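Colleague: Before anything else, here's the structure in question.
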Amino acid sequence: MKTQILLLTLIACNCSLAQWSTLTDAVSALYVCPGFTPNILSLDDGSSYVAGGLSDYIFVQKLDPRGYKLWPQPVQVFNTSGTENYSYTMVPDGTGGLLFVWKDYRGAYYVGDPASPANNALYMQRIDKNGNVVWQQNGIQVAPVDGGNKEATIVNDGAGGAVIMLGENDFERPESPKKEWIWLRHYGNDGTMLWNLPIDSSISSNTIYPPSGLVRMDSLIRFTKANEFQFISYNGIFVNSLKYKVTGSLVVVTDSSAYEIRNLPDETDSLGNKLYVASVVRLTSKWDSLWSTHFEIPDEADQNRGYYNIENPYVSDGNDGLFFLWSFIDKSGQKRARLQHITPQGAVWQNYGLNLSGNYGLAIFSGKNEAGIFFENGTAQKFNSDGQGVWQDSMIVLADPANAFFKVFASDNNGGLIIAFWTTAGGIFAQHTGRTGHVGLITKVKDLLSPIPQSFELYQNFPNPFNPSTTIRFSIKAYSNVKISISDILGRNVSLLVNSNMDTGVYEVNWKATNFSSGVYFYTLYINNKLVSVKKLLLTK
């Protein structure tokens, strides 16, 4: 097990900095920034960006792994009256910052419905990791409003620049030449266009538009053209192509490995029931196939209501394996979900995956050999690579999920999930599932002054006495199963704060005792089910 060196940054907690909320109602979540349409991007170090867009602006704020705001104020990506923008994309810039691309409808041509413009402009902006707007105010224009409706997909070049795949559908304007166009362009980290590569055009509609399939891995950029995968280098030079029918969706796991999910012809089981078949192909950084396997999805969904569309149904298991989630209403009208796991060697749990009945799974997130699922009813649960539940019970993350509108999700890359949404209180809020089965409670302490822990240790809680919440710190010297429980003076267990496998490190967990009576309580640390330490705390009300 890889040991992680812990570096400390002690941040003074005050109301202006905020932190992940331990409350589960939507309006008590962490307020992040103005906006109406939320977006999230998480980084490998556990920090995240949360953005909000409205008709003529986009704001973004950076959060550390504990939910503290790292910038004094949200950064305004652009602010141009009349933009009428609700569609924007946010991706990493490869250096810890962000790249944005958005639609701009000023000067657009309208056909019939005044709310449905037939064309638009496209703009981009770069924000560095310190919250500085790098390119010109209100962004650089990628495509003017002249012409047709435009869409774009974007990836970074690893150095702060952007490779953008730009598509234009030019059929609505009366003077239109009735063509579609696809370009591939590279912009440097200063916003200068380095090259412009025409990819394709067509004289008929719906053939190459909108652009799709743009992916960066290792030193190559891949994009989809008709039924081929095309590959180019960062200087815009064509490398090669793979000529096979593109039926799947790519899932990049690391910079040197990827999975391709492809649909195969339907089959039937021994009873004549229809089965959908998914093929999983593992690819190297050179896009060569390492192996191929497949698993079956039974035809369980109600024909009229079908499957729920999960935006990102695949996540890495942290060990070059893959988890896959699908949700549906079955033929009896029940909401259900299934979870499948594919190992780095191509083995699967079982053909039909793990059956999770009773609720839609809306989002999937990952930890080390674990997958967490956020369900429609606002709860979450985590499963290990053997299909066993990691948390003792499903955890309530949002007690009123219907009051959290336009929910978007992102794994925090540390075993938790970030949920961003709009509420009627106004603005963009964010909630964190926590990483150990308790909402937003457990955090890793980073200490420049402290060496790697050499023992399993439980520290005195602070403050003590307390009302209504207190923090308990503990250290883990080696990867172990960790439990921390609270008991009353009669020895009865009243709360389980931690129940998880954890890496080497120093951690803090918060106990909120709002619903408990004043008195003496005890907290106990168990390592691999063995008692290590017991300490006393005092709740005063």
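Here, each number is a calculation from the coordinates, and none is a lab measurement. Because the structure is predicted, anything quoted here is derived from the model rather than measured. When we count neighbours, we look across all protein chains shown, and the Cβ atoms used for this are built from the backbone with ideal geometry, even at glycine.
Colleague: Sort the range 319-471 into rounded, prolate or oblate with this rule: let a ≥ b ≥ c be the square roots of the eigenvalues of the Cα gyration tensor; rounded if a/c is under 1.5, and if a/c is not under 1.5, prolate when a/b is larger than b/c, oblate otherwise.
Modeller: Note, shape of the range 319-471 comes out oblate.
Colleague: Counting only other residues whose beta carbon sits under 14 Å from that of Arg338, what net charge do I get with K and R as +1, D and E as -1?
Modeller: Combined, the nearby Lys, Arg, Asp and Glu give -2.
Colleague: If we sort 364-373, 402-411, 61-70 on the protection proxy, mean other Cβ atoms within 10 Å, highest first, what's the order?
Modeller: 364-373, 61-70, 402-411
Colleague: For the range 388-433, just say rounded, prolate or oblate: build the C-alpha gyration tensor, square-root its eigenvalues into a ≥ b ≥ c, call rounded for a/c under 1.5, and beyond that prolate if a/b exceeds b/c, oblate if not.
Modeller: Here the range 388-433 falls in the oblate category.
Colleague: Another one. Pairs Lys512/Lys541; Lys382/Lys483; Lys274/Lys331; Lys483/Lys530; Lys62/Lys103; Lys69/Lys129: which exceed 18 Å Cα-Cα?
Modeller: Lys62/Lys103
Colleague: Find out how many positive minus negative residues lie around Pro463, taking Lys and Arg as positive, Asp and Glu as negative, among other residues whose Cβ is under 15 Å from that of Pro463.
Modeller: Residues close to Pro463 contribute a combined charge of +4.
Colleague: Would you mind counting up the charge near Ala402? Only other residues with Cβ under 12 Å from its Cβ, with Lys and Arg at +1 and Asp and Glu at -1.
Modeller: Value of the local net charge: -2.
Colleague: May I ask you to derive the relative contact order of the range 457-539, considering only C-alpha pairs under 8 Å and at least 6 residues apart, and to give it as an integer percent?
Modeller: 35 percent
Colleague: When a/c is below 1.5 the answer is rounded, else prolate if a/b is larger than b/c, else oblate, so apply that to the range 399-541 with a ≥ b ≥ c taken from the square roots of the Cα gyration tensor eigenvalues.
Modeller: In terms of gyration-tensor shape, oblate.
Colleague: Quick check for you: which residues of the range 22-46 have the amide N under 15 Å from the point 7 Å beyond the Cα of Thr424 toward its beta carbon?
Modeller: Counting backbone N atoms under 15 Å from the label point, the list is 26-28.
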